[in-house]
Amino acid sequence: MNGHGNRQMKQSIIPGSSRDEYSGQIIVAAIEDAPSRTPRSSEGFLLLSSAMVPSFINRAAAEILFYPQKPEDFGEHFQEILAKRVRDVLLSKGSSKMSTLVTEFSSGRRVYRCRSYRIGAIDQGDSQAGFAAIFERGASGTFAVSQVSEKFHLTIREREVMQYLLSGLTTKEIATGMAISPNTVKAFLRMIMVKMGVSTRSAIVGKAFTTS
């Protein structure tokens, strides 16, 4: 019955969300202000653990990866099939021992760009560092850092840290690029989190993505 399938799918939906984001066993970040319906032009957003296991996906990304089927068609097997789709479609098949994501992939007749960012905790050496991936159709725009900075009243230096963060740099790399200490970078990141109302680096990326 259709009702049974819907009940199974509810187990994979983030509690309190608008049912447009699906999570795995670990919810890394809940993206605030998500739309209640997904426009066809929406970009996909996916969070992966360091082992490339999906931990968060919005509906747009799920629809792209599962096309022509719908995410809810998979019921209780959603997480398992999502992990397989990520391995089959998004992981680079290069010879490197280190897992990386492709920069472009196809879904149906459409071609999507995949922009990935390294995501980790503020403290260096965190083994939980992973990736945030954004799916864009064709040559769509990039993050509007100026728009995000204006909305959350970021200072010039905080905006600079944000730009480096969205480019996938680590705390140490940001510190080198800005000629400041890693501790100062961490202080800027904490201020950005406070202003944006989030508590993790991955949530900064997620909120910047939904704001821009």
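Out of 85, 137, report the one residue that is at pLDDT below 80 and surrounded by 13 or more Cβ atoms within 10 Å (Cβ to Cβ). Steps first, answer last, please.
Working: 85 fails: at pLDDT below 80.
Residue meeting the stated conditions: 137.
For residue 154, state whether it is assigned to a loop (DSSP other than H, G, I, E, B), at pLDDT 80 or above, out of contact with any strand residue (DSSP E or B) (no Cβ under 6 Å at 6 or more places or on another chain) and buried (at least 16 other Cβ atoms within 10 Å of the Cβ).
Numbers: assigned to a loop (DSSP other than H, G, I, E, B): yes; at pLDDT 80 or above: yes; out of contact with any strand residue (DSSP E or B) (no Cβ under 6 Å at 6 or more places or on another chain): yes; buried (at least 16 other Cβ atoms within 10 Å of the Cβ): yes.
Here the answer is yes, as residue 154 does meet what is asked.
Starting from residues that are outside any strand (DSSP E or B) and surrounded by 13 or more Cβ atoms within 10 Å (Cβ to Cβ), keep the ones in segment 93-123 and report whichever is modelled with the lowest pLDDT. Please lay out each step first, then the result.
To start, the set of residues in segment 93-123 that are outside any strand (DSSP E or B) comprises 93-100, 102-103, 108-109, 120-123.
Filter once more, so that each one left must be surrounded by 13 or more Cβ atoms within 10 Å (Cβ to Cβ): 99-100, 102, 120-122.
Details: 99: 66, 100: 76, 102: 81, 120: 66, 121: 53, 122: 49.
Looking at the filtered set, the residue picked out is 122.
Residue by residue, here is whether (1) closer than 13 Å to residue 117 by Cβ; (2) under 16 Å from the mean Cα position of the chain (by Cα); (3) modelled with pLDDT under 90; (4) buried (at least 19 other Cβ atoms within 10 Å of the Cβ) holds:
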site: 147; (1), (2), (3), (4): no, no, yes, no
site: 166; (1), (2), (3), (4): yes, yes, yes, yes
site: 174; (1), (2), (3), (4): yes, no, yes, yes
site: 178; (1), (2), (3), (4): no, no, yes, no
site: 188; (1), (2), (3), (4): no, no, no, yes
site: 195; (1), (2), (3), (4): no, no, no, no
site: 206; (1), (2), (3), (4): yes, yes, yes, yes
_Would you confirm, using the coordinates I've provided, whether residue 63 is modelled with pLDDT under 90 and assigned to a helix (DSSP H, G or I)?_
no
*asked:* Pairs please, first residue from segment 177-188 and within 14 Å of residue 158 (Cα to Cα), second anywhere and aromatic (Phe, Trp, Tyr) and crowded, with 16+ Cβ neighbours inside 10 Å, Cβ atoms under 9 Å, 6+ apart in sequence or on different chains.
replied: 177/164; 178/164; 178/188; 180/188; 185/164
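The values are calculated or read from the model by the stated rules, or taken from the named source; none is laboratory data. All values derive from a computational prediction rather than experimental measurement. Methodologically, a virtual Cβ is constructed for each residue, glycine included, from the backbone with ideal geometry; neighbour enumeration extends over all protein chains shown.
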